[in-house]
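The next block holds one structure in the form of structure tokens; read it before the comments.
The values are calculated or read from the model by the stated rules, or taken from the named source; none is laboratory data. All values derive from a computational prediction rather than experimental measurement. Cβ sites come from the backbone with ideal geometry, for glycine too, and all protein chains shown count toward neighbours.
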């Protein structure tokens, strides 16, 4: 097994971790059983555990009988108690950090508890594992010869109850060991600034003179930084600023629609891209193979996984199954119990297994992000594939998009898309025709409803001005960090709000 810096402590730690990853690859159910027991033992020490008779839980069957599957809204009364300073509510001890995530029906933001255990054994561990797996796949890497740049959000303290709210990235950066911050740019004060525009300027000033070898962040926000770096430096591309850049670690959104823009900014065949599936609720998967974008499900982070088939969930069924019972290529709702104090919690993501030995997944959408006005059952995975392939065909690139359904006369429906282009196609109508064609190829339900235009008309494109999606994020105090606009808006509310901003047709 080749790993760089063979005589270093860092190399030894990475090699040791690869052995551990190999172990759960080969023994997934054994590792998940151990995580299950660990969670139950800690849950017995909590108020939640007392309410749900954790002392009587000896098996997975007992677990499912005693604890119902819950959404964030149903979990919120417990979270609210932890935010008021109560101890031992969902996890032993007092929660001192909450990661802000996208809003819900009862608030504009979700507040996900971050415990000491989830911080170190899940989130930090996930970040270190991305580096371990990368170095294992690319043993000649030189990323440690320079600095890493990480885009982060902001945080704020609640003095009354002595906790911190913030974007997950901000909480992680603020709690990094000192030796990590020594190898990172920009400085801590800059990366945690709340004013996104001022933060970008200060980041650029510091990063322009740094030897950056690796970058981490949400793709859309990294592109914003690239634009600013080019403007400030006068360089033709990012490699003229950071000639030793070799790795972008990303997550949060599908990378496919952005790859063309990154290749323009970083014109190098030696540039590598590594995806992680991380969220405020936990770190779930990492791309572990050079030649595949599938994500290895990380099984030893203090997360116990369950799954509900999407078809059953849409019919009101909430019966979950453990990892051992899943099947290939079926779409599942992800349910998690964690060392952050979430118990049988519906995260809102939908995934599909691409391998069962080891367990690898793809994220295909969100439970609330789909279009199904006339039974077309369009999910985010479908639109991402169509947009990515059609962008290549039409030699264009897309900054952002959102689609929704509207009903016309006589019950006929139509999908409307707002698309913000970085580089526009020669013909936007032809681009949309090809998107429609590709969707019909990959989704039989969509094709059936589009057939003859009887119940679903051809989609319509509305071209957004540059910066229009960022303006919506700014208006909703979501600029920067991990926030993003949903791709599919079943309710049409966000679509309408974006449409109200200045657009061209």
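Within the range 213-223, is even one residue modelled with pLDDT of 90 or more and over 21 Å from residue 154 (Cβ atoms)?
Yes, that holds for at least one residue.
With the structure loaded, tell me whether residue 389 is more than 30 Å from residue 96 (Cβ to Cβ), outside the structural domain of residue 77 (by TED's automatic domain parsing), within 17 Å of the chain's Cα centre (by Cα) and not in a loop (DSSP other than H, G, I, E, B) or whether it fails that test.
The answer is no for residue 389.
Would you mind stating whether residue 253 is assigned to a loop (DSSP other than H, G, I, E, B), farther than 18 Å from residue 144 by Cα and in the same structural domain as residue 287 (by TED's automatic domain parsing)?
yes
So for the range 455-465 (the condition being assigned by TED's automatic domain parsing to the domain that holds residue 385, within 25 Å of residue 153 (Cβ to Cβ), in contact with a helix residue (DSSP H, G or I) (Cβ under 9 Å, 6 or more places away or on another chain) and touching a residue at least 60 places away in the same chain (Cβ under 8 Å)), does at least one residue qualify?
yes
Mind telling me which of the residues 349, 300 ends up being under 30 Å from residue 96 (Cβ atoms) and in contact with a strand residue (DSSP E or B) (Cβ under 9 Å, 6 or more places away or on another chain)?
349
Which members of the range 439-454 meet the condition of being surrounded by fewer than 20 Cβ atoms within 10 Å (Cβ to Cβ), assigned to a helix (DSSP H, G or I) and either out of contact with any helix residue (DSSP H, G or I) (no Cβ under 7 Å at 6 or more places or on another chain) or without any contact (Cβ under 8 Å) to a residue 60 or more places away in the chain (or both)?
440, 441, 444, 445, 447, 448, 451, 452, 453
Checking the condition in contact with a strand residue (DSSP E or B) (Cβ under 6 Å, 6 or more places away or on another chain), under 26 Å from residue 286 (Cα atoms) and either buried (at least 21 other Cβ atoms within 10 Å of the Cβ) or assigned by TED's automatic domain parsing to the domain that holds residue 340 (or both), which residue from 172, 168, 131 passes?
168
Which helices (runs of 4 or more DSSP H) sit wholly inside the range 71-186 and have at least 1 residues that are without any contact (Cβ under 8 Å) to a residue 40 or more places away in the chain and under 22 Å from the mean Cα position of the chain (by Cα)?
Output list reads 72-83, 168-175.
How do the pairs read when you match residues in the range 259-273 that are assigned by TED's automatic domain parsing to the domain that holds residue 231 and touching a residue at least 24 places away in the same chain (Cβ under 8 Å) with residues anywhere that are assigned to a helix (DSSP H, G or I) and surrounded by 17 or more Cβ atoms within 10 Å (Cβ to Cβ), using Cβ under 6 Å and keeping only pairs 6 or more apart or on different chains?
Pairs found: 261/223; 265/226; 265/238; 266/238.
Does the range 374-431 hold any residues that are loosely packed, with under 15 Cβ neighbours inside 10 Å, on the phi > 0 side of the Ramachandran plot and touching a residue at least 40 places away in the same chain (Cβ under 8 Å), and which are they?
375, 411
Can you find, within the range 352-373, the residue that is farthest from residue 437 (Cα to Cα) among those that are out of contact with any strand residue (DSSP E or B) (no Cβ under 8 Å at 6 or more places or on another chain) and without any contact (Cβ under 8 Å) to a residue 40 or more places away in the chain?
357
Which ones in the range 278-305 are out of contact with any helix residue (DSSP H, G or I) (no Cβ under 8 Å at 6 or more places or on another chain) and either in a loop (DSSP other than H, G, I, E, B) or modelled with pLDDT under 95 (or both)?
Of everything in the range 278-305, those that are out of contact with any helix residue (DSSP H, G or I) (no Cβ under 8 Å at 6 or more places or on another chain) and either in a loop (DSSP other than H, G, I, E, B) or modelled with pLDDT under 95 (or both) turn out to be 281, 291, 292, 293, 294.
Go through the range 196-243 and report how many residues are touching a helix residue (DSSP H, G or I) at 6+ places or on another chain (Cβ under 7 Å), free of Cβ contacts under 8 Å to residues at least 40 places away in the same chain and either surrounded by fewer than 18 Cβ atoms within 10 Å (Cβ to Cβ) or part of a strand (DSSP E or B) (or both).
Final tally of qualifying residues: 6.
Which condition number in (1) surrounded by fewer than 21 Cβ atoms within 10 Å (Cβ to Cβ); (2) modelled with pLDDT of 90 or more is the one that residue 259 fails?
Going through (1) surrounded by fewer than 21 Cβ atoms within 10 Å (Cβ to Cβ); (2) modelled with pLDDT of 90 or more one by one, residue 259 breaks only (2).
Read through the list (1) under 30 Å from residue 41 (Cα atoms); (2) at pLDDT 95 or above; (3) part of a loop (DSSP other than H, G, I, E, B), then give the number of the only condition that residue 317 fails.
Of everything listed in (1) under 30 Å from residue 41 (Cα atoms); (2) at pLDDT 95 or above; (3) part of a loop (DSSP other than H, G, I, E, B), residue 317 misses just condition (2).
So which residues in the range 327-376 are modelled with pLDDT of 95 or more, closer than 30 Å to residue 115 by Cα and assigned to a loop (DSSP other than H, G, I, E, B), if there are any at all?
Within the range 327-376, 339, 340, 341, 342, 343, 344, 358 qualify.
Hey, any hits in the range 478-485 for a residue that's touching a strand residue (DSSP E or B) at 6+ places or on another chain (Cβ under 7 Å) and at pLDDT 90 or above?
Checking the range 478-485: not a single residue is touching a strand residue (DSSP E or B) at 6+ places or on another chain (Cβ under 7 Å) and at pLDDT 90 or above.
Could you tell me whether residue 8 is surrounded by 14 or more Cβ atoms within 10 Å (Cβ to Cβ) and either on the phi > 0 side of the Ramachandran plot or at pLDDT below 95 (or both)?
No: the conditions fail for residue 8.
What single numbered condition from (1) crowded, with 16+ Cβ neighbours inside 10 Å; (2) over 25 Å from residue 333 (Cβ atoms); (3) at pLDDT 95 or above fails to hold for residue 27?
(1)
For the range 49-71, what are the residues that are farther than 23 Å from residue 347 by Cα and crowded, with 17+ Cβ neighbours inside 10 Å?
57
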